[in-house]
Amino acid sequence: MNKMRFLGAVGAAVAIAAVVTACGDKTTRSTGWEFSRNMYDPIGYNPDQPNANFKDGKTAQVPPPGTVPVGFERFEYAGTNEDYERAGAEVVNPLARTEANLAQGKALYLVYCAVCHGPEGAGDGPITKDRRLESKTESRALENYPPPPSYRRSDGANSSRGGLMADLTDGKIYHTITYGLNMMGSHASQLSPEERWKVVMYVRELQQK
């Protein structure tokens, strides 16, 4: 019993000492000793930090000419009408027409394209129709966007760059998705090259309607 009492007294004394020494005296902002600081201090440089390892003293460096980032696929056509026509004549969809690719193309189209082009490609997406904002504090009409021309052959709509929308080739559709046209912005940041080709595949299906 004496030994147990002694150990208990020692434990209590250690606990009291730890509490007392942990209390600050309100004169210092020191956090005390730090354990294994090298485990949470970053070894690498942040992009905006000075870096003496480079001649210009910057961490963020411009990639060497001709290099391609991992996962990036270069599209060797500029965002011009001339290259739009050239892409239309030279570029074809590299993906096989499968049910899986079509299904994924449809899903991507409904997420990124149908809001303007409509679920069936008729140019009747919800953003082109009358809409209202209703809340507790206000009720007002939202701006309508002009409907894009229909992809469907039965509608016989013309492209703003000439020819029927139903006759647009793989390359022309892919070029437009990549660079945008008129009020449609580029979707290159939203869709990877493979995803763009799947959307192209689904749009080609809509052209047959």
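Filtering the range 49-99 to residues that are of a type in the set (Gly, Ala, Ser), surrounded by 10 or more Cβ atoms within 10 Å (Cβ to Cβ) and within 22 Å of the chain's Cα centre (by Cα) leaves 60, 78, 79. In the set (1) at pLDDT below 95; (2) in contact with a helix residue (DSSP H, G or I) (Cβ under 6 Å, 6 or more places away or on another chain), residue 105 fails one condition alone, (1). Taking the range 166-206 as the range and being buried (at least 18 other Cβ atoms within 10 Å of the Cβ) and assigned to a loop (DSSP other than H, G, I, E, B) as the test, the residues that pass are 168, 169, 187, 191.
Within the range 139-155, track down each residue that is part of a loop (DSSP other than H, G, I, E, B) and at pLDDT below 90.
Here is the first cut: in the range 139-155, the residues part of a loop (DSSP other than H, G, I, E, B) are 142-152.
Within the range 139-155, 142, 143, 144, 145, 146, 147 qualify.
Looking at this structure, is residue 139 without any contact (Cβ under 8 Å) to a residue 12 or more places away in the chain and under 20 Å from residue 107 (Cα atoms)? Answer is no for this residue. Restricting the first member to the range 69-80 and to residues that are over 13 Å from residue 192 (Cβ atoms), and the second to residues that are of a type in the set (Asp, Glu) and surrounded by 10 or more Cβ atoms within 10 Å (Cβ to Cβ), the beta-carbon pairs closer than 7 Å and six or more apart or on different chains are 77/83.
The values are calculated or read from the model by the stated rules, or taken from the named source; none is laboratory data. Since we're looking at a predicted model, the values are computed, not measured. FYI the Cβ positions are ideal-geometry reconstructions off the backbone, even for glycines, and counts take in every protein chain you see.
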